[in-house]
Each structure stands twice: as C-alpha cells, then as structure tokens.
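No value in this document is a laboratory result; all are computed from the given coordinates. Remember, it's a predicted structure, so these values are computed and weren't measured experimentally. Neighbour counts run over all protein chains shown; Cβ positions are idealised from the backbone, glycine included.
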Amino acid sequence: MTNHKKDTGIRLFALNSNPKLAKEIAQEVGVELSKAKIDRFSDGEICVHIEESIRGDDVYLIQSTNDPGNDYLMELLIMIDALRRASAGSINVVMPYYGYARQDRKPGPREAITAKVVANMLTQSGIDCLITMELHAPQIQGFFDIPVDHLSATALLANHFTLNDLGGENTVVVSPDHDGVKRAREMAELLDSPLAIIDRRLYETTKPNTYELVGEVDGKDCILFDDIMDTAKTVTKATQSLKKAGAKDVYVCVTHAVLSGKAMERLLNSGVKKVIITNTINLSEKNNTELVNQLSVAPILGDAIKRISNYESIKPLFDKEYVEKLMH
C-alpha cells in the first residue's frame, strides 16, 4: 500500500450506485461524505469534479457495479483517475457488489473471463486496495496484484435467523446448486443446522432441467442460501422441490439481490415465506415488497474501513457474536 502520514484524514466518497448505503457507512465511520460532482456531457460521457482538497488523505470510494454496471464501472474508473491526479494518499475502493464476477473462468471456447477483466481495470487504474463482499468465487481475489479484503455477510444473515427463532435441527440450510455448497455449509454451521443440496442439472435444449433434492427436509423449515439472486428462476424451482419433499416454510436468503426482469413476480408466486437480502445493491421501488426483508451491511463495511485505516485485523468481522454486537 502507498506510504502516507499517520495523521492524514479519512475521506469517503459516494458515487451513484448506492448513495443510501454510502451515507450509512459514513455514519458508522463517523465522518461526513466528501463532496464530488458527477456530470454528463450531452452525448453521455461522464465528467467528475472533486470539490475539496484530498491531498495526502486516505480515500475510500464507495461504488457497486450492479445494473447499469457499465455506467457505474466507468464512473468508478474516472473518479479513481481524478483522485490519483489530486494526490490522494491512498485510494481504496469499497465495492459491496462486484459486478461481472459470475464469469470467473472460461467455461467454453471463445469466451471472456470478465471477473479478470474488471480486476485488471481496477488494478491498472492505480487503486491501493479493494474492499468487497461475498465474491461469487473467492478465487477472484487472486486476479488482483493488490490487497483485497473479502468480507462476508453470512454472520449478519445468520444472526437475523437466530433472532427469529430459526436454526438448530428443525431448520435445514439448502444450497440451490453444487457451486454454493461451501457457502451454505458455513451458514449451517453458524445455525447449528443440517445441510441439504439441490442437484441442479441444466440440459439447455436436449431435455428439461432438473432440480432434485439431496437431503432430508420433511416437516422442517428451509433456508435457501446463495450469494446472488438475479432472475429468481433457480430459487423458484428449488422451492418447488423443497415443498414437494415436505418442507414446512421456505426462506430465500441472498447477499446480492440483483432481481432483474420478472424476479419479484416469480418470488411472489413461489410460495416462499420470506426473502432476506442485504443492501449491497440498492433495492428498486418495484422490488421493495412486504415479502422482502433487507439487512444493512453498513456496520460491517464501516468497521472494516476503520480497522483497515488503523492497520487492524478484519478477522473479527467473520465472527457471529462480534457482528451481533456491531448491529446494536
């Protein structure tokens, strides 16, 4: 990380992806959001002007790259360049939701690894550190040649279920596919609950996709746990499989609620008891229904910023009891 004086200040800047979360993070850190003006030329090009001196300061730039991801990514890169040219002491990007992460490997010929493309863009832009949450694949950290602080919302979400009397042997944590088993197991361990898996097999046009259950859920509450929910097709099919196997109530729990297209309509008609999400992505008005319960990750991100600025370990942020104290 770039060398800087110990007495330099912390500056937080918010771009346009999630200003509400940025304000909450600023409150947790105990500082005001710094001022910057983001304009567009008539042809759509983005123009950034920083309205106060940040020379020598540690800057934390808050921006997710959800839809419209291309615009938000370009905003971020232009802002980074402006900060670097304004002689910021260090530039740290706080990206609660890392867009383009689902393409983290090359599944077939002539396809891009977009998670690496974004990593290259951020690294080459000159940032000192990336703070992000619940990457689609943890190995994406290896795409960077700079420090990456990879945070998790699992303890936060587990605390919510504990406070609502869910957990133990009468609750089953379910992974909606094989890729999410490790993530679901962590939640199951925090709740002291058994684990089940949806054996999802996609056949494209050859025959219908299948969603077979591996595990016992009869008469038990189920928590379908994943990192990203986009169209909600997978969780809808998984819910049907769980109900067919005798599950009592089904709760959908995800960190990043992309909720594109008819996702909310599918959820409302799926028989799901409740949808638990975090605010890494700003929830649109049409998706803000009574079915959804949104938890704030601001205490985790705010505490992470303070710890990183003070050169302290972020390990406590993965502890259920510590996160519970943060929420109060």
| query | Can you list the GluC sites (Glu not before Pro) in segment 234-328 that are in a DSSP coil and have 16 or fewer other beta carbons within 10 angstrom? | reply | E290, E312
| Along the charge dipole of segment 245-302, Cβ charges K/R +1 and D/E -1, which of N287, A245, T255 sits furthest on the positive end? | A245
| message | In the chain, once you exclude exposed chymotrypsin sites (Phe, Trp or Tyr not before Pro) (DSSP loop, at most 13 other Cβ within 10 angstrom), what's the longest stretch remaining? | response | 42-202
| field | Angle between the chain longest axis and helix 233-244 axis [Cα atoms, degrees, rounded to 10] | value | 30 degrees
| remark: Relative contact order of segment 229-328 (C-alpha contacts under 8 Å, at least 6 apart) in percent is 22 percent
| message | Is the C-alpha gyration tensor of segment 51-204 telling us rounded, prolate or oblate? Criteria: a/c under 1.5 is rounded; beyond that, a/b larger than b/c is prolate, otherwise oblate. | response | oblate
| Label points 7 Å out from Cα along the Cβ direction at N16 and D199: separation in nm? | 4.8 nm
| note | Rounded to the nearest 5, the percent of antiparallel DSSP beta bridges in the chain equals 20 percent
| query | To the nearest 10 degrees, how steeply does helix 181-191 sit against the main Cα axis of the chain, on a 0 to 90 scale? | reply | 80 degrees
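For the chain, give the magnitude of the charge dipole about the Cα centre (Cβ charges: +1 Lys/Arg, -1 Asp/Glu; no others), in debye to the nearest 20.
520 debye
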| message | Quick check: Cα centre of segment 89-131 to Cα centre of segment 13-71, how many Å? | response | 19 Å
| request: At 7 Å along the Cα-to-beta-carbon direction for both S309 and H178, put a label point, then send me their distance in nm to one decimal. | output: 4.6 nm
| Which residues does a label at R102 reach in segment 257-277, if reach means a backbone N under 13 Å from a point 7 Å past the Cα toward the Cβ? | 257-263
| field | For S284, S152, order by how many other beta-carbon atoms lie within 10 Å, fewest first | value | S284, S152
| remark: Too long for a 18 Å Cα-Cα cut-off, among K237/K262; K220/K243; K116/K306; K182/K248, are K116/K306; K182/K248
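What net charge do the residues around H178 carry, taking every other residue with its C-beta under 9 Å from that of H178, with Lys and Arg at +1 and Asp and Glu at -1? Before the final figure, lay out the partial values.
Values: positive: R200; negative: D177, D179, D199.
Net charge around H178: -2.
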| query | Based solely on its DSSP helices, what 222 nm [θ] is calculated for the chain when runs of n ≥ 4 H residues each add -39,500 (n - 2.57) and the sum is averaged over all residues, nearest 500 deg cm²/dmol? | reply | -9000 deg cm²/dmol
| By counting other Cβ atoms within 10 Å of each Cβ, how are I140, I25 ranked from fewest to most? | I140, I25
| field | Pairwise centroid distance, computed over Cα atoms, of segment 153-204 with segment 259-328, Å | value | 16 Å
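Once you have the Cα-Cα distance between K248 and S284, take 0.36 nm times their residue separation minus that, and quote the gain in nm to one decimal.
Between K248 and S284, full extension yields an extra 10.0 nm.
Which order results if H49, H150, H136 are arranged by neighbouring Cβ count within 10 Å, fewest first?
On the way: H49 10, H150 15, H136 23.
By the 10 Å Cβ count, ascending, the order reads H49, H150, H136.
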| query | For I131, which sequence-distant residues (separation of 5 or more, or a different chain) have an amide H within less than 5 Å of its own amide H, given hydrogens modelled in the peptide plane? | reply | V93, V94, M95, D149
| Helix 19-29 versus the longest principal axis of the chain: what angle, 0 to 90°, nearest 10, using Cα atoms? | 70 degrees
| Which entry is the computed percent of Cα pairs over 28 Å apart for this structure: [x] 50; [y] 40; [z] 43? | [z]
| field | Potential extension, M74-Q240 segment - 0.36 nm per residue separation minus Cα distance | value | 55.8 nm
| What GluC sites (Glu not before Pro) does segment 163-194 have in DSSP loop regions with at most 14 other beta carbons within 10 Å? | none
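Where both partners of a DSSP beta bridge lie in segment 154-295, what percent of those bridges are antiparallel, to the nearest 5?
On the way: 5 of 26 bridges.
Roughly 20 percent of the beta bridges in segment 154-295 run antiparallel, per DSSP.
Compute the FRET efficiency between I38 and D230 as 1/(1 + (r/R0)^6), taking r as their Cβ-Cβ distance and R0 = 25 Å, and round to the nearest 0.05. Write down the numbers at each step before the final one.
Numbers: r = 27 Å, r/R0 = 1.07.
Computed FRET efficiency for I38 and D230: 0.40.
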